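> Sharing a structure here in structure tokens format.
The values are calculated or read from the model by the stated rules, or taken from the named source; none is laboratory data. As the structure is a prediction and not an experimental result, all values here were calculated from the model. Neighbour counts are summed over all protein chains in view; Cβ atoms, including those assigned to glycine, are modelled from backbone coordinates with ideal geometry.
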Amino acid sequence: MSFKKVIATIAIATTVTGCASGQMAQTRLIKQVTDGVEAQSDEIRLRNVKVIKSSTGEGILIGTLVNWSDKTDAITSVSINNLPAIYTAKTSELLRNKPITFVGQVANADAFIENLDKTPGYRVPVTFTFANAAPVTLDTLVVNGDGIYENLERYGKAATLVETNP
């Protein structure tokens, strides 16, 4: 094979396989690698935010908020699917590096709506408003309340159980 054919073959192979995409490769541009979404308002980071649809139809918020600033802020309200969420917390204050966590063994807050009219797989807006930082609205995935989301450890509530017939 001639030198020109080898160069032409290499050029075609890298173009066809996408190896020449470099910094703009599609796999490098993926932002959401889990069910949860992320956002930021000033120095408040919102991580792994999603809504679980329980067997009773509740829309239960999961996620963690962390303030990276020395300036204290506070959550003033939460809405799920454009409805005010029932929000309870040990404290609404966002102190530097003291997370507010919705659901789990370290949960110190709970937010939910009683009747979520969206089915799993769809997305709903979740809005957090703060005392100082700008409000944040996330386009959040609704996940079915089964598997790892079947028995949720929630702040101030018993685990959400799915009833089964023996």
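> Condition test on Tyr149, is it in contact with a strand residue (DSSP E or B) (Cβ under 7 Å, 6 or more places away or on another chain), without any contact (Cβ under 8 Å) to a residue 40 or more places away in the chain and either surrounded by 15 or more Cβ atoms within 10 Å (Cβ to Cβ) or not assigned by TED's automatic domain parsing to the domain that holds Leu65 (or both)?
no
> For Thr137, work out the one condition from (1) surrounded by 15 or more Cβ atoms within 10 Å (Cβ to Cβ); (2) under 15 Å from Leu46 (Cα atoms); (3) of a type in the set (Ser, Thr, Tyr) it doesn't fulfil.
(1)
> Can you tell me how many residues in segment 120-152 are modelled with pLDDT of 95 or more and either in a loop (DSSP other than H, G, I, E, B) or on the phi > 0 side of the Ramachandran plot (or both)?
Residues flagged as modelled with pLDDT of 95 or more and either in a loop (DSSP other than H, G, I, E, B) or on the phi > 0 side of the Ramachandran plot (or both) within segment 120-152 amount to 5.
> Can you confirm whether segment 108-131 contains a residue that is surrounded by fewer than 19 Cβ atoms within 10 Å (Cβ to Cβ) and among the aliphatic types (A, V, I, L, M)?
For segment 108-131, residues surrounded by fewer than 19 Cβ atoms within 10 Å (Cβ to Cβ) and among the aliphatic types (A, V, I, L, M): present.
> Name the residues in segment 99-119 that are assigned to a strand (DSSP E or B), more than 12 Å from Ile80 (Cβ to Cβ) and among the hydrophobic types (A, V, I, L, M, F, W, C), would you?
Ile100, Ala109
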